[in-house]
Amino acid sequence: MEFIEYLQKGLLASAVELMQHYPELPQAESLSAMESAVREMTGQLGKVVLGEWLTKQDPKYPAASVVCSCGEMAHYERRREAVTITLQGRVSYRRAYYRCECGQGCCPLDDALGIQPGQ
């Protein structure tokens with residue numbers, strides 16, 4: 001995937017540069033402690049990347065209305081935050097939220113990506 005390769009190359013270069021410019025790298029108590037710290041860091045990084053990537057899947061300028069599952073038109077209300085459980089853990093993202101007069105709300109991005117409420 002071109003985007004992931006681009007991101008990986010940039011992050012790797014940034015990590016090396018940041019480490020080279022850090023005043024003094026700390027002494028670790030063990031390789032295991034170092035591995036645990038890196039695993040925790042990459043997990044957090046994965047959540048941020050996935051959340052931002054999900055958010056960017058939604059159009060910058062959402063449609064004013066979309067068809068609701070009841071067949072009527074649901075109107076744009078606002079960008080709404082959501083949390084989904086992924087292989088990276090709990091990931092937050094923002095997407096367009098629509099509300100219909102029937103009382104139902106919908107998020108076309110969630111529908112397009114197969115994300116179920118409370119998933």
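The values are calculated or read from the model by the stated rules, or taken from the named source; none is laboratory data. Quick caveat, the model's predicted, so the values are computed rather than measured. Backbone-built Cβ (ideal geometry, glycine too); neighbour counts: all protein chains shown. Note: accessible area is taken over every heavy atom of the protein model, side chains too, but ligands, DNA and RNA are not part of it. Shrake-Rupley method; radii C 1.70, N 1.55, O 1.52, S 1.80 Å.
What does the helix-only formula give at 222 nm for the chain: each DSSP H stretch with n ≥ 4 adding -39500 (n - 2.57), the total divided by the residues, and the result rounded to the nearest 500 deg cm²/dmol?
Numbers: 3 runs with 53 residues, N = 119.
Using -39500 (n - 2.57) per qualifying helix, the result is -15000 deg cm²/dmol.
GNM remark for the chain: springs join alpha carbons under 10 Å apart, and the peak mean-square fluctuation among R79, R39, R99 falls on R39. Of the residues C68, A13, A37, the one whose Cα sits farthest towards the positive end of the charge dipole of the chain is C68 (charges of +1 on Lys and Arg Cβ, -1 on Asp and Glu Cβ, taken about the Cα centre). When all alpha carbon pairs of the chain are counted in 5 Å bins from zero, the resulting P(r) reads 2, 9, 15, 16, 14, 11, 9, 7, 6, 4, 3, 2, 0 %.
In this structure the chain gives 78 Å² per residue of accessible area when probed at 1.4 Å with all protein chains present.
Here each label is just a point 7 Å from Cα along the line to Cβ, and for M34 and H21 those points are 2.3 nm apart. Given +1 at the Cβ of Lys and Arg, -1 at the Cβ of Asp and Glu and no other charges, the dipole of the chain around its Cα centre is 340 debye to the nearest 20. Note on K9: aspartates and glutamates with a C-alpha under 19 Å away, same-chain residues under 8 apart excluded, are E17, E52.
Carbon and sulfur: what percent of the chain's accessible surface (1.4 Å probe)? Mind showing how you got there, number by number?
Working: 5230 of 9260 Å².
On the chain, the fraction of accessible area on carbon and sulfur atoms equals 57 percent.
How tilted is helix 31-57 with respect to the longest principal axis of the chain? Cα atoms for both, answer in degrees (0 to 90, nearest 10). Orientation of helix 31-57: about 30 degrees from the principal axis. Please determine, in degrees from 0 to 90 and to the nearest 10, the orientation of helix 2-21 with respect to the longest principal axis defined by the Cα atoms of the chain, where the helix direction is its Cα long axis. Helix 2-21 sits at roughly 40 degrees to that axis.
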